[in-house]
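The values are calculated or read from the model by the stated rules, or taken from the named source; none is laboratory data. From a predicted model like this one, the values you see are computed outputs, not experimental measurements. Positions of Cβ are backbone-derived with ideal geometry, glycine not excepted, and every protein chain shown enters the neighbour counts. Please note that ligands, DNA and RNA were not included when accessible areas were found on the heavy atoms of the full protein model with its side chains. Shrake-Rupley method; radii C 1.70, N 1.55, O 1.52, S 1.80 Å.
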Number of protein chains: 4
Amino acid sequence: MRIVHVLTTGGTIEKIYSETRGSVENLESKIDRYLRRLRLPDTRVEVSQLMNKDSLEMTDADRQCVLAVVQAKLAGRRPIVITHGTDTMVETGRYLQRELGPLEVPIVLTGAMTPLGFEESDGLQNLTEALFAARVLAPGVWIVMHNQVFPVDRARKDRELARFVEVER
Amino acid sequence: MRIVHVLTTGGTIEKIYSETRGSVENLESKIDRYLRRLRLPDTRVEVSQLMNKDSLEMTDADRQCVLAVVQAKLAGRRPIVITHGTDTMVETGRYLQRELGPLEVPIVLTGAMTPLGFEESDGLQNLTEALFAARVLAPGVWIVMHNQVFPVDRARKDRELARFVEVER
Amino acid sequence: MRIVHVLTTGGTIEKIYSETRGSVENLESKIDRYLRRLRLPDTRVEVSQLMNKDSLEMTDADRQCVLAVVQAKLAGRRPIVITHGTDTMVETGRYLQRELGPLEVPIVLTGAMTPLGFEESDGLQNLTEALFAARVLAPGVWIVMHNQVFPVDRARKDRELARFVEVER
Amino acid sequence: MRIVHVLTTGGTIEKIYSETRGSVENLESKIDRYLRRLRLPDTRVEVSQLMNKDSLEMTDADRQCVLAVVQAKLAGRRPIVITHGTDTMVETGRYLQRELGPLEVPIVLTGAMTPLGFEESDGLQNLTEALFAARVLAPGVWIVMHNQVFPVDRARKDRELARFVEVER
């Protein structure tokens, strides 16, 4: 049985609609419920819910926490998927890349533009792709969404297009 | 072929998730899309989109507009369904009841606690019930949601329970 | 708390896709799972799974079983919904009407043309309508589907139209 | 804009429920409808519907047809996804591998155990994975489903497990 770690940090992918407040918020993790919809016959997914925040509210301490958990998981040489808000996904990814140095497994960051379970959500597509990418990509820190793959140091969120685009060098 | 009028005014039932703003808003009517999922073999649904507002923002002029359209439609003696935000649904319903006087057909107000198409939405259930109620209820102004039927002068929204309850007299 | 009895007998509404055989079959009841998607705040639904058969395979003994359970439930004067295959729904309904005599509550038969949970299924619509009908219809035996209501002695399945139509007298 | 070819041949992934016959059948292609649910911002998917058959009914002539279309598409050096019934997916894949010789792009075969749009379907997951695989895998003929990747000469369908497993050498 393969193992893949999924670390959740919040972001749009996990937002839920609050009936009492009439807004979408990061209230409780829901990745588990959607992971169960995927068929992963030879893989055990180990989910760790680190935090549940809009990524604009993530602090340096939050990122240090993500780093510490990633470092601990890396000891087992298993691929890692991190679900994350798109607004600062690149920032967290570059921080991890800088701090971790050379890797033996892929670390795949993903998220969504519309929350899981909302009409026209891209959440389950991105989760499916990230888990597949964790299996086939080379070691390194990657952003995977919308059928696209970016090395984290080449990605930039384009807010108007509602997706990531490649940074020109 | 029976005819039923559906007048849309907005409310949570029609809210959509805006990717650019990360919030739920009344931006475009989506009732049509969901009506097409229902089988209504002997009924023609005539949809009129009157406005698309959070019902807390509805003004006296908005309610006069709803009244005017309802009065025009009543000439044909066809039942009427009105989709509406739950916060002031009772207010609009009582206003219609007061202004219209005795009726020959049912007028059914409905809405939702969670937008159509979001996970765990009650929107399609309520729309299904309202269209059924428009067929079988007696003339009068009714609120129909969650398998419940209230004469409009007996209903009150209970915000904590996220539903309507009967007013004690 | 209101009570409504739901008696399940099988039919298309409950069929599931068998991966090993590549066909749709009545293998296990799934009504419960879909009932949980409906908001029924003041109602307790009591489900009794009587059998799970294609209604073309229902025998006289099966119908006697349905009758016996209905008679037992009627003692409590609670409305009854029966999910049933459409092919012999009218036959079962007329048998119940004949054997039961005058009623104090509505008995509502419903089913589906496409199984619950399959794309374009009418199952949840029909279940929603039947539960609403059980609340508002007069005593008697009814068929409720597709926003339509038929007294059981006026209904006939039109196989080509894939729905019920009214019997001409 | 990248281009990826999707060739459809039928199989469970495309089956629909026939209300008139009460069975699942290959009647009309529905891949398009589901492809539109995926976000593929930098990719143009060109769909060619070759046939729509249960793969147990595919003939030698059918496979020659698939081969001819694949050969024609390969001229453009674009990756190819083929949707196919799982029962003879390996047979078709090995035939292509044998006839085509060395490749410059990946050819990815995928399908489903439960039709697209049915509850618990694996169809959209597999389609998502196949399109991602077409982007990142090396040239060769692959089977991609359920987060797994098999070189076509290493795969075998395990009917009981309802998935592919690796052939022992």
Could you list, in sequence order, the residues of the range A:122-162 that are within 14 Å of chain B (Cβ to nearest Cβ) and under 18 Å from D:Leu131 (Cα atoms)? A:Asp122, A:Gly123, A:Leu124, A:Asn126, A:Met145, A:His146
Check off (1) within 26 Å of A:Asp158 (Cα to Cα); (2) surrounded by fewer than 16 Cβ atoms within 10 Å (Cβ to Cβ); (3) acidic (Asp, Glu) for A:Asp62 and give me the number that stays unchecked. (2)
Strands (runs of 3 or more DSSP E) lying entirely in the range D:1-76 (those with 3 or more residues that are in contact (Cβ under 8 Å) with a residue 24 or more places away in the chain): D:2-10, D:43-53
Considering only the range B:114-130, state which residues are open to solvent by 10 Å² or more (accessible area, probe 1.4 Å) and among the aliphatic types (A, V, I, L, M). B:Leu124
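Report whether or not C:Val47 is closer than 27 Å to B:Phe164 by Cβ, more than 14 Å from chain B (Cβ to nearest Cβ), hydrophobic (A, V, I, L, M, F, W, C) and open to solvent by 20 Å² or more (accessible area, probe 1.4 Å).
When the stated conditions are applied, C:Val47 passes them.
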Given (1) under 22 Å from B:Asp42 (Cα atoms); (2) touching a residue at least 60 places away in the same chain (Cβ under 8 Å); (3) part of a loop (DSSP other than H, G, I, E, B), number of the condition C:Gly117 does not satisfy: (1)
C:Glu99 meets each of (1) open to solvent by 30 Å² or more (accessible area, probe 1.4 Å); (2) modelled with pLDDT of 95 or more; (3) over 26 Å from C:Arg44 (Cα atoms); (4) within 14 Å of chain D (Cβ to nearest Cβ) with one exception, condition (4)
Only listed residue being out of contact with any Phe, Trp or Tyr (no Cβ under 8 Å at 6 or more places or on another chain), open to solvent by 20 Å² or more (accessible area, probe 1.4 Å), β-branched (Val, Ile, Thr) and more than 14 Å from chain B (Cβ to nearest Cβ), chosen from A:Ile82, A:Ile16, A:Ile3: A:Ile3
Please enumerate the residues belonging to the range A:135-163 that are open to solvent by less than 20 Å² (accessible area, probe 1.4 Å), farther than 23 Å from D:Leu127 by Cβ and assigned to a strand (DSSP E or B). A:Gly140, A:Val141, A:Ala155
Residue ID - modelled with the highest pLDDT, chosen from residues in the range D:152-167 that are out of contact with any helix residue (DSSP H, G or I) (no Cβ under 9 Å at 6 or more places or on another chain) and farther than 20 Å from A:Leu38 by Cβ: D:Arg154
Taking D:Gly22 as meeting all but one of (1) open to solvent by 20 Å² or more (accessible area, probe 1.4 Å); (2) touching a helix residue (DSSP H, G or I) at 6+ places or on another chain (Cβ under 8 Å); (3) within 23 Å of D:Leu137 (Cβ to Cβ); (4) facing another protein chain (nearest Cβ under 10 Å), write down the number of the exception. (3)
Among the residues listed as C:Thr114, C:Thr92, the single one being within 14 Å of chain D (Cβ to nearest Cβ) and farther than 30 Å from B:Pro139 by Cβ: C:Thr114
Pull out all pairs, ordered by first then second residue, where Cβ-Cβ is under 9 Å, the residues are six or more apart or on different chains, the first lies in the range D:123-136 and is in contact (Cβ under 8 Å) with a residue 40 or more places away in the chain, and the second is part of a helix (DSSP H, G or I) and of a type in the set (Asp, Glu). D:Gly123/D:Glu14; D:Thr128/A:Glu129; D:Leu131/A:Glu129
How about the range B:96-114: which of its residues are among the polar types (S, T, N, Q) and assigned to a helix (DSSP H, G or I)? B:Gln97
If a residue has to be over 14 Å from the mean Cα position of the chain (by Cα) and polar (S, T, N, Q) to count, how many in the range D:115-144 make the cut? 1
